[in-house]
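The structure appears below as structure tokens.
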Amino acid sequence: MDFGVVLQTNPPASRTVQLAQLAEAHGFSHLWTFDSHLLWQEPYVIHSAILNATKRLTVGPFVTNPATRDWTVTASVFATLNEMYGNRTICGIGRGDSAVRVTNGKPTTLKELRESIHVIRELGNSRAVEYNGATLQFPWSRGSELEVWVAAYGPLALKLTGEVGDGFILQLADVDIAAWMIGAVRDAAEKAGRDPDAISFCVAAPMYIGDDWEHMRAQCRWFGGMVGNHVADIVAKYGTSGEVPTALTDYIAGRTGYDYNTHGKSGNDHVDFVPDEIVDRFCVLGTAADHIAKLEQLRELGVTQFAGYLQHDNKEETMRVYGETVIPALSSHITAKR
């Protein structure tokens with residue numbers, strides 16, 4: 001199993017770079033950042049600094065979207081970074097949440113997402129692609145390699161992921177929900193004639209090493225609110241029963257609103273509706289042994305990477321314990337592909 005760290009690009013940018021260097025020193029393989037250019041600093045500028053300051057990290061957005069950035073520009077960023085620093089980039093992409101909602105926009109359609117994945121991947125791999133009636137290719141790009149991992153929750157988005165994604169990003173660590181969603185992606189891949197084992201499966205959630213459960217929950221409750229944004233859209237489309245597990249939909253019944261100014265922050269004041277049970281199920285909290293036990297369950301489901309959010313007050317200590325205890329325990333056998 002691989003391990004990643006997910007950071008917000010809050011100023012100063014030097015702090016983000018410092019945390020990335022620390023992540024690499026502790027054995028993490030991936031460094032991901034939020035991509036909402038109004039809420040935080042521009043990630044791709046900071047990605048360049050991270051790649052320059054590290055030697056092994058694979059770096060990418062968690063996640064970008066097809067609405068706020070031109071697809072060809074996004075592909076050019078990755079191809080350029082790959083030329084500068086070797087093939088050490090990765091593209092996480094979804095329909096759009098905070099980046100589009102703060103401008104009163106809407107997530108893109110699945111059709112647009114599918115098309116954008118194709119354009120970004122082809123150009124990002126130094127290949128030609130048809131786009132808006134023209135055949136495009138970067139004349140300066142040679143040998144660039146780029147995987148596109150898709151963030152998804154709903155049935156149709158999971159189907160799309162299985163059909164076209166190089167990887168699947170699931171932003172919660174509930175074992176039962178992960179089993180259902182991974183199964184849906186694998187089934188879609190098989191029906192599309194793809195090898196499900198060729199797809200990477202990434203579970204992402206806040207990781208906090210500690211023993212004060214009340215404090216850990218308070219620091220990570222924001223995550224249930226963030227997930228609730230996506231779940232609310234799914235419930236609006238599918239209802240509260242049937243195609244979507246009730247474990248994912250029941251808890252948002254008390255959701256009344258959401259303030260993106262505190263999006264992804266431990267001080268989010270719009271997450272009182274998230275119960276302790278959801279925090280415990282969606283996140284990875286507790287001692288190193290607690291983390292190892294839960295991650296072992298996820299690995300058994302086919303998860304090939306765990307990406308831990310560090311939007312809390314225990315960043316350095318959590319990474320240290322992961323480097324010294326958790327990562328070695330999960331990497332001691334069955335080394336998964338990236």
What does the charge count around Ser76 come to, taking other residues whose C-beta lies under 12 Å from its C-beta (Lys +1, Arg +1, Asp -1, Glu -1)?
-1
Once every Cα of segment 24-65 carries one equal point scatterer and solvent is ignored, give the base-10 log of I(q)/I(0) from the Debye formula at q = 0.20, 0.31 Å⁻¹, two decimals.
-0.60, -1.10
Rounded to the nearest 10 Å², what accessible area does Arg114 show when all protein chains are kept and the probe is 1.4 Å?
90
Could you order Glu214, Glu24, Glu115 by accessible surface area, starting with the largest, using a probe radius of 1.4 Å?
Glu214, Glu115, Glu24
Between Tyr309 and residues 5 or more places away or on another chain, the pairs with built amide H atoms under 5 Å apart involve Val6, Ala205, Met207
Skipping prolines and chain starts, which residues have an amide H placed within reach, meaning under 5 Å, of the one on Ser144, given they are 5 or more residues away or on another chain?
Ser126
For segment 74-215, just list the percent of Cα-Cα distances falling in each 5 Å bin from zero outward, please.
2, 9, 16, 17, 18, 16, 11, 5, 3, 1, 1, 0
Could you give P(r) for segment 1-140, binned at 5 Å from zero, as whole percent values over all Cα-Cα pairs?
2, 10, 20, 21, 19, 15, 9, 3, 1, 0
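The values are calculated or read from the model by the stated rules, or taken from the named source; none is laboratory data. Everything numeric in this text was worked out from a predicted model, so none of it was measured. Cβ coordinates were reconstructed from backbone atoms using ideal geometry, including for glycine residues, and neighbour counts include every protein chain displayed. Remember, those area values only see protein heavy atoms, side chains included, never the ligands or the DNA or RNA. Shrake-Rupley method; radii C 1.70, N 1.55, O 1.52, S 1.80 Å.
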